[in-house]
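To start, the structure under review is shown below, and the notes come after it.
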Amino acid sequence: MSLARDPRSVVVSDDGTRAFVAHVVEARVSVVDLAEGSSTEPHAVRQVDLRARASMDDESEPSLRRGCQGFALVKVEGGGERGAKMVDRIFAPMVSVNPGDGSGESEGYGSESPSEVGEVAVLDASAERALTRLVRLPSSGTARTECLLPRAAAYDDGSLYVTCLGNDALVKLDARSLDPARAEVKRWHLAAGPVGLAIDHEGQRAVVWSQFDREVAFVSTESDAPPARLAVARQSDGITANVALGRRLFHQMGDSRISADGRACASCHPDGREDALTWSTPDGVRQTPMLAGRIAETAPYGWLGSSAKVEEHLKKTFERLGGDGLPETELSALVDYVTSMAPPVERAVPPTAERKELVARGHVLFESTATACSTCHDASHSFSDGLRHQVTTQRNSDPADGFDTPSLRFVAGTAPYFHDGRYKTLDDVLTAPDHAMGQSTRLSRQDRAALVAYLETL
């Protein structure tokens, strides 16, 4: 079956016939029919769009925003009413994003304030449709207490509990509200890195796992007693103290040294990957690149290749986000963390003999003069030559001397493609006539399929 990108959390309907899957990127939930499929009739998959119009308190015209950070789902039996019938609801903590209108330059990343706002989308599980229609944004911009990195969620007796990475909080929301994200009831500050959550109904408490500090917190949901904390052995993290500091900084929300509106590095690079968005920037429209497993041997950095070192690129990023910048010791720790990020692990089904043959053919094509792919994407240097090339793009904001060659590592999972995200699929890149990158437009359909198959193995 084929799902949307980066599936993370799943809940199953009461009758066991459907699975609802959340995704880190894009504002959608996949609905999978669980009835047994066959080679000719696979499991059916439908997509539910969670996007909602968003409006500031003083604006009459709401804007359509994108979704991100979809790490968690919560199903509630009888969580709403349709006429006299109680219906199941699904809550999807996420982030509402406005990356800009895609028309060109902006002062920073995105062209509307706030660019990112915490949100909880609500679905009618039976009807498979979003109930959220309008999200009311805070009129003063994104508050530093916003839950912009929601990681886990649980439901208990009319309340939705969400852990917020970056500001290390557990928030209790009124699940009966039309806009639960704007109906906060209570908040607890916890150890760094709250990513796991469970509700002990009999004990009337929430149990939270904080990964960065390796601590379990027991939070009373019915009293004002402070959370009880249990430290876990810390030596099993397997990372240095400097990398651990960098990890905290990468996820740090509300830090004015990093951004002016509360965003963290992980806001655009969840798990070190990318948000699948194309942002308005001072240089024009730019797609978010993947970081994990792509930093080594790929200098210079940035789409324009304007930074010889990662440190230089981070300083420019903080400036565009309105941040004041980090001191050298913390900047060094952040660089250590970013460069040590583990790449995604592929656990695909072993390829068939036919697939292996297709990939082998694609490899030959990639290295051939007929396509000229390897001329710039050098396999011995993480599939990048470290140079800028003019690829004959058509935007006025694009530089005359072209763009830095991006690495092709893990390219199959990093759509959309090109510096401005203009192509949705790898096949679109190979067939598009509006660029001067390689010679793939001359390939037959079979050879394009082979080249795509090879690229998907990188």
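Annotations for the structure displayed:
- Test: residue in the range 216-232 that is closer than 23 Å to Leu314 by Cβ, part of a loop (DSSP other than H, G, I, E, B) and at pLDDT 90 or above: no
- Some residue of the range 254-261 being open to solvent by less than 30 Å² (accessible area, probe 1.4 Å) and part of a helix (DSSP H, G or I): no
- When residues of the range 382-407 are limited to those that are among the acidic types (Asp, Glu) and modelled with pLDDT of 85 or more, the one surrounded by the fewest Cβ atoms within 10 Å (Cβ to Cβ): Asp385
- So Arg176, is it surrounded by 16 or more Cβ atoms within 10 Å (Cβ to Cβ) and free of Cβ contacts under 8 Å to residues at least 40 places away in the same chain: no
- Check on Thr371, over 26 Å from Gly272 (Cβ atoms) and at pLDDT 85 or above: yes
- Candidate set: the range 233-253, residues that are in a loop (DSSP other than H, G, I, E, B) and open to solvent by 50 Å² or more (accessible area, probe 1.4 Å); chosen: the one farthest from Glu274 (Cα to Cα): Ala233
- Out of Ala228, Ala206, Ala260, Ala266, sole residue that is in contact with a strand residue (DSSP E or B) (Cβ under 7 Å, 6 or more places away or on another chain) and in contact (Cβ under 8 Å) with a residue 60 or more places away in the chain: Ala260
- Filtered by the rule that a residue be of a type in the set (D, E, K, R) and modelled with pLDDT of 90 or more, the range 308-353 gives Lys309, Glu311, Glu312, Lys315, Lys316, Glu319, Asp324, Glu328, Glu330, Asp336.
- The selection criterion, being free of Cβ contacts under 8 Å to residues at least 60 places away in the same chain and outside any helix (DSSP H, G or I), holds for Asp385.
- Residues that are open to solvent by less than 10 Å² (accessible area, probe 1.4 Å) and more than 19 Å from His23 (Cβ to Cβ) were ranked within the range 142-163; the one that is modelled with the lowest pLDDT is Gly158.
- Note on the range 262-278: residues that are touching a Ser or Thr at 6+ places or on another chain (Cβ under 9 Å) and not in a strand (DSSP E or B) total 11.
- Search result, residues across the range 57-114 that are at pLDDT 70 or above, charged (D, E, K, R) and either assigned to a loop (DSSP other than H, G, I, E, B) or open to solvent by less than 10 Å² (accessible area, probe 1.4 Å) (or both): Arg65, Asp101, Glu107
- Restricting attention to the range 288-334, the residues being small (Gly, Ala, Ser) and on the phi < 0 side of the Ramachandran plot number 9.
- Matching residues in the range 158-172 - criterion: being assigned to a strand (DSSP E or B) and closer than 15 Å to Gly193 by Cβ: Val162, Thr163, Cys164, Ala169, Leu170
- Restricting the range 279-317 to residues that are aromatic (Phe, Trp, Tyr) and either open to solvent by 20 Å² or more (accessible area, probe 1.4 Å) or assigned to a helix (DSSP H, G or I) (or both), the residue that is farthest from Asp420 (Cα to Cα): Tyr301
- Some residue of the range 41-51 being modelled with pLDDT under 70, surrounded by fewer than 18 Cβ atoms within 10 Å (Cβ to Cβ) and closer than 19 Å to Glu274 by Cβ: no
- Among (1) closer than 29 Å to Ser280 by Cβ; (2) at pLDDT below 90; (3) surrounded by 15 or more Cβ atoms within 10 Å (Cβ to Cβ), the one test that Phe410 misses: (2)
- Looking only at residues of the range 318-354 that are in a loop (DSSP other than H, G, I, E, B) and of a type in the set (D, E, K, R), we find that the one that is farthest from the chain's Cα centre (by Cα) is Asp324.
The values are calculated or read from the model by the stated rules, or taken from the named source; none is laboratory data. Computed from a predicted model, the values in this text were never measured in an experiment. No Cβ is skipped: glycine too gets one built from the backbone with ideal geometry, and neighbour counts run over all protein chains shown. What goes into the accessible areas is simple: the full protein's heavy atoms, side chains included, and nothing from ligands, DNA or RNA. Shrake-Rupley method; radii C 1.70, N 1.55, O 1.52, S 1.80 Å.
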